[in-house]
Amino acid sequence: MAKLVIVESPAKARTIGGYLGSDYVVESSIGHIRDLPNNAADTPAKIKDKPWGRLAVDVDNGFEPYYVVPRDKKSHIAKLKKLVKDADALYLATDEDREGEAIAWHLLDELKPPKGLPVHRMVFHEITKPAILAAVENPREINDDLVEAQEARRILDRLYGYEVSPVLWKKVMSGLSAGRVQSVATRLVVDRERERMKFRVASYWDLDATFDAGTGHDPRMFPAKLYSIDDVRVARGADFDNTGELVSTGSTGAKRRVHLSRADAEALASGLGDTTYDVRSVESKPYRRSPYAPFRTTTLQQEASRKLGMSASVTMSVAQRLYENGFITYMRTDSTTLSDAAVGAARDQVRELYGAEYLPDSPRTYASKVKNAQEAHEAIRPAGDTFRTPAQTGLSGEQFRLYELIWMRTVASQMKDAVGNSVTIRIGGAAADGRDVVFSASGRTITFHGFLKAYVEDIDDASKRRDDAETRLPNLTQGAAVSAATLSPEGHETKPPSRYTEATLIKELEDREIGRPSTYASIIGTILNRGYVYKKGTALVPAWLAFSVVRLLEEHFPRQVSYEFTASMEDVLDEIAGGRKDRATELGEFYYGSGDVVGLKTLVTDLGEIDAKEMATFPIGDGIDLRVGRYGPYVEGPGPDGGDASPVRANVPDDLPPDELTVAKAKELLANPAGEEQVVGNHPDTGLQIVAKNGRFGPYVTEVLPDDAPKSAKPRTGSLFKSMTLDTVTLEQAVKLLDLPRIVGTDEDGTEITAQNGRYGPYLKKGTDSRSLTSEDQIFDITLDQAKAIYAQPKQRGRGAATPPLKELGNDPVSGQPVIVKAGRFGEYVTDGEYNATLRKDDTVESITLERAAELLAERRERGPAKKAAKKGAKKAPAKKAAAKKTAAKKAPAKKTAKKA
DNA sequence: CAGTGAGCGAGCTTCCGCTTGACTT
């Protein structure tokens, strides 16, 4: 018998197992072990038909969640259950944060330890032997309120995601998604692009000078910039706003600026030819910089991006390998705290590598800057009580470089401040026209590098200087004479705000308390996968689709998509965790509303208010709109002759960033609306050019009518066969396609039979009687005799009837009818003649058994007969959601039992 | 965004946060 300890991570289990010895068995949960069902396939049949089944949250009954053990966790749970049976005590040692507390409760509820088995909650914040031993000695109970807070978080995210996403499916495009985190992330990227689109460049000029403070033999040159004219500051980039205007053009006061044009700057330069200069002021300030805090997830992702060019996801997977192999501590953390052992190890290395003069008298500590930090772990640092230098690890490649980064940052965090001086010198003189002109030079010298010797953070913004950048200025005193060696007018332009990169977006999200260390990298993945955002180099560019989605959310779900939403949710969760607020009440307010707050349910029910077309239309200017269509973005504007001619449309290339779609660019696109058409050749008979292009119904060929063709003339068109592509279609094929329908021949009674392609594929037509063909090639090949043979058969109703079964499985145990597998319009399905059930994701024709088929049919049967009656004109007769048959509200799944004690 | 005639099995997409392998080539 041993004591069973369950932590979250297998690597952690190994380490802790070593500390605890043979009286303990240490296992891991491998993250969450239960969750709301992910999709329909994982939703148990007994809740599927409930009105709230899709959510798996009983919104009518205290928002009770319905949890399942995901398929891939089942065997692991079985293993843990077995271990519990053999244990004489159970320690739930999951992380000490909201999610960890919930995992502990789920474990307890799912493993169902036998009565009498001592169960403890054990917590620690660092994986060091003393910390673990202390944790075992000081267990506590599960904090029910904290679990409630986690469930509130989980349920809110489910309601948000699974209620708002379907709105997007209906109004924008199928398969899209919305969520508390991803929608705000997308909005940030869109908002930044909007700023760039509004941005108007300002140009301004100044003078660059090189002064000499020395003599002819001993020049001491230094650079300076024009600062003021007659005591009025010269405008710089920061003095302009995004519209290109000076922020303040007041005639007096500190904000007054003079905006120099090129002519102004050149005139000024030529008026300074004979000027003598003297030093007006010298201002020296001490420079002091403290080391950066040790890495947490976001800062590691940022620096790995800047210094090593790694994406967030690459950084995390490299770090994961370092962690699993015992090189670093846990990499998903929001804490910058180092254990005492780590501080000691870092200080030892400082002394060894840099000497005692770089070591502060007492250890440095770093308070968390992250507001909602849960601090379940240490900072990311080299593992162990003594640090291995990168060379000692034997690592190579990305792992080596990332380890080195983490190691340097950790060591540097225990070093002394860098100190030095920053100096500003003002130099003045009189121009020929009598104006008083002042230049400014700034310098920085570092007298003691301290931590900068080990580690300097890189910068994103090119206009900023690295912390170790130095500019030396000569030692000057007020009144000293200097001469101008060079003087040149320089033009500058203001720059639009830069786009987010992965790293800067993650930083922004963290600053706004949105997302968690374990999700930052995947948030980026989500908005990329949905097509909301794409990468151009390292920049994240929003697609027009994102503009459409974000606008819909802003106008119809303003509260949910506000930047403050998560922060206020966190406040509420804190109240729930403190036992001061109630989960169901808060969720009720979110879902059903209260007072001034309109609930989510109301918002998603009143869909009529949402004008999908309006949401997808963005005016560009000059009467041109950008529209987000099902096939991508396109521009729509008045035709070349303007007026009331029908509008012209043109596709917008997928990789054209929204801020580059100017009116001029839109007009350019509209001038050539053909888009990506391919010239196939000229028709041998008509001489007209034939082009192939993509249309609403897929690729097709069409002929180009001459400009003088009458307005009523319509070009012939023809869809490409599935076997053809735009790039490879030949002239011969194109001609045949344009000549369709092909006349196959004439029936006995004199009716013409034609062959052509249609909405449902290839078919024959004789008067009003049509018959489907099995392949497109038959349109060209079929003979009159074959066609007659088809018409000799009775008309087949539906395709299914025409296709032979793919497999016969035997008789259904319920209906006794033979069960066969067929291929249908919606994919493969099984049928017993009366009921049809589509195969699920995991089923294949090869693998399906009679048992599985019977299961699917039984499920199908439960939902009642297909709406057979519906015939013509009954296109929409949605069987009224059998609302009457509400089985007496079943009590929510057994839960929380474990928590009462 | 080209305009082309039927009739007929729906079912699924999606959230955020915790964690690793198991898959394929």
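The values are calculated or read from the model by the stated rules, or taken from the named source; none is laboratory data. Since this is a predicted model, take the numbers as computed values, not measurements. Heads up, the Cβs are rebuilt from the backbone with ideal geometry, glycines too, and the neighbour counts pull from every protein chain shown. Areas reflect the complete protein model, heavy atoms only, side chains present, ligands, DNA and RNA absent. Shrake-Rupley method; radii C 1.70, N 1.55, O 1.52, S 1.80 Å.
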request  = Test A:SER313 against the criterion of being surrounded by fewer than 22 Cβ atoms within 10 Å (Cβ to Cβ), of a type outside the set (Lys, Arg), away from DNA strand B (no atom under 16 Å from the Cβ) and touching a residue at least 60 places away in the same chain (Cβ under 8 Å), and give yes or no.
outcome  = no
All positions within the range A:322-351 that are under 35 Å from the mean Cα position of the chain (by Cα) and within 12 Å of A:PHE387 (Cβ to Cβ) = A:PHE327, A:ILE328, A:THR329, A:LEU338, A:ALA342
Tally of residues being within 38 Å of the chain's Cα centre (by Cα) and on the phi > 0 side of the Ramachandran plot across the range A:463-518 = 2
message = Tell me the residue from A:TYR292, A:TYR323, A:TYR287 that is open to solvent by less than 40 Å² (accessible area, probe 1.4 Å), touching a residue at least 60 places away in the same chain (Cβ under 8 Å), out of contact with any His (no Cβ under 9 Å at 6 or more places or on another chain) and part of a loop (DSSP other than H, G, I, E, B), please.
response = A:TYR292
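In the range A:355-387, what residues are aromatic (Phe, Trp, Tyr), open to solvent by less than 30 Å² (accessible area, probe 1.4 Å) and assigned to a loop (DSSP other than H, G, I, E, B)?
Our first condition is that a residue be aromatic (Phe, Trp, Tyr); within the range A:355-387, this holds for A:358, A:366, A:387.
From what's left, open to solvent by less than 30 Å² (accessible area, probe 1.4 Å): A:358, A:387.
Result: A:PHE387, single match.
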key: Residue in the range A:485-505 that is aliphatic (A, V, I, L, M), at pLDDT 95 or above, open to solvent by less than 20 Å² (accessible area, probe 1.4 Å) and within 16 Å of DNA strand B (Cβ to nearest atom) present   = yes
task = Name every residue in the range A:10-31 that is within 8 Å of DNA strand B (Cβ to nearest atom) and part of a helix (DSSP H, G or I), in order of residue number.
result = A:PRO10, A:ALA11, A:LYS12
ask   = For the range A:32-89, how many residues are in a helix (DSSP H, G or I), within 13 Å of DNA strand B (Cβ to nearest atom), open to solvent by 70 Å² or more (accessible area, probe 1.4 Å) and farther than 29 Å from A:PRO118 by Cβ?
value = 2
request  = Taking the options A:LEU300, A:LEU246, A:LEU268, name whichever one is over 43 Å from the mean Cα position of the chain (by Cα), among the hydrophobic types (A, V, I, L, M, F, W, C) and open to solvent by less than 40 Å² (accessible area, probe 1.4 Å).
outcome  = A:LEU268
inquiry  = Could you list, ordered by first residue, the pairs with Cβ atoms under 7 Å in which the first is in the range A:613-628 and among the aromatic types (Phe, Trp, Tyr) and the second is open to solvent by 30 Å² or more (accessible area, probe 1.4 Å), at least 6 apart or interchain?
reply    = A:PHE618/A:ASP625
query = Within the range A:24-56, can you find the residues that are over 26 Å from the mean Cα position of the chain (by Cα) and closer than 18 Å to A:GLU163 by Cα?
reply = A:THR43, A:ILE47, A:LYS48, A:ASP49, A:LYS50, A:PRO51, A:TRP52, A:GLY53
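Results for (1) farther than 15 Å from A:TYR455 by Cβ; (2) in contact with a Ser or Thr (Cβ under 9 Å, 6 or more places away or on another chain); (3) not assigned by the TED database to the domain that holds A:TYR323, shown as yes or no for each residue.
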site	(1), (2), (3)
A:ASP334	yes, yes, no
A:THR337	yes, yes, no
A:ALA342	yes, yes, no
A:GLY355	yes, no, no
A:TYR358	no, no, no
A:ASP361	yes, no, no
A:THR365	yes, yes, no
A:GLN392	yes, no, no
remark   = By residue number, the members of the range A:254-274 that are closer than 15 Å to A:VAL438 by Cα and of a type in the set (A, V, I, L, M) are A:VAL258, A:LEU260, A:ALA265, A:LEU268, A:ALA269, A:LEU272
request  = Mind counting the residues in the range A:614-631 that are within 16 Å of DNA strand B (Cβ to nearest atom), part of a loop (DSSP other than H, G, I, E, B) and surrounded by fewer than 21 Cβ atoms within 10 Å (Cβ to Cβ)?
outcome  = 2
query = Out of curiosity, is A:HIS125 touching an Asp or Glu at 6+ places or on another chain (Cβ under 9 Å), closer than 30 Å to A:ALA11 by Cβ and within 16 Å of DNA strand B (Cβ to nearest atom)?
reply = yes
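Select from the range A:848-870 the residues that are in a loop (DSSP other than H, G, I, E, B) and at pLDDT below 75 and list them in ascending order.
Hits for the range A:848-870 are A:ARG863, A:GLY864, A:PRO865, A:ALA866, A:LYS867, A:LYS868, A:ALA869, A:ALA870.
Across the range A:633-644, which residue is modelled with the highest pLDDT among those that are surrounded by fewer than 16 Cβ atoms within 10 Å (Cβ to Cβ) and under 21 Å from A:LYS693 (Cβ atoms)? Walk me through how you get there before you give the answer.
Looking only at the range A:633-644, we keep the residues that are surrounded by fewer than 16 Cβ atoms within 10 Å (Cβ to Cβ), and these are A:639-644.
From what's left, under 21 Å from A:LYS693 (Cβ atoms): A:639-640.
On the way: A:GLY639: 66, A:PRO640: 60.
Here the residue is A:GLY639.
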query = Do we have A:PRO710 as open to solvent by less than 70 Å² (accessible area, probe 1.4 Å), assigned to a loop (DSSP other than H, G, I, E, B), free of Cβ contacts under 8 Å to residues at least 40 places away in the same chain and not aromatic (Phe, Trp, Tyr) here?
reply = no
inquiry  = For the range A:90-110, which positions are of a type in the set (A, V, I, L, M) and either modelled with pLDDT under 95 or open to solvent by less than 10 Å² (accessible area, probe 1.4 Å) (or both)?
reply    = A:LEU90, A:LEU92, A:ALA93, A:ALA102, A:ILE103, A:ALA104, A:LEU107
Matching residues, the range A:159-171, being out of contact with any Gly (no Cβ under 9 Å at 6 or more places or on another chain) and surrounded by fewer than 19 Cβ atoms within 10 Å (Cβ to Cβ) = A:TYR162, A:PRO166, A:LYS170
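Going by what's in this entry, would A:LEU176 be described as more than 30 Å from A:LEU473 (Cβ to Cβ), in contact with a Ser or Thr (Cβ under 7 Å, 6 or more places away or on another chain), outside the structural domain of A:ARG426 (by the TED database) and not polar (S, T, N, Q)?
yes
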note = Conditions (1) modelled with pLDDT of 95 or more; (2) open to solvent by 30 Å² or more (accessible area, probe 1.4 Å); (3) more than 15 Å from DNA strand B (Cβ to nearest atom) -> A:SER594 fails only (1)
inquiry  = I need the full set of residues from the range A:164-196 which are near DNA strand B (Cβ under 7 Å from one of its atoms) and charged (D, E, K, R), in order please.
reply    = A:ARG180
inquiry  = Give me the residue from the range A:818-834 that is farther than 14 Å from A:GLU855 by Cα and part of a loop (DSSP other than H, G, I, E, B) and, out of that set, modelled with the lowest pLDDT.
reply    = A:ARG825
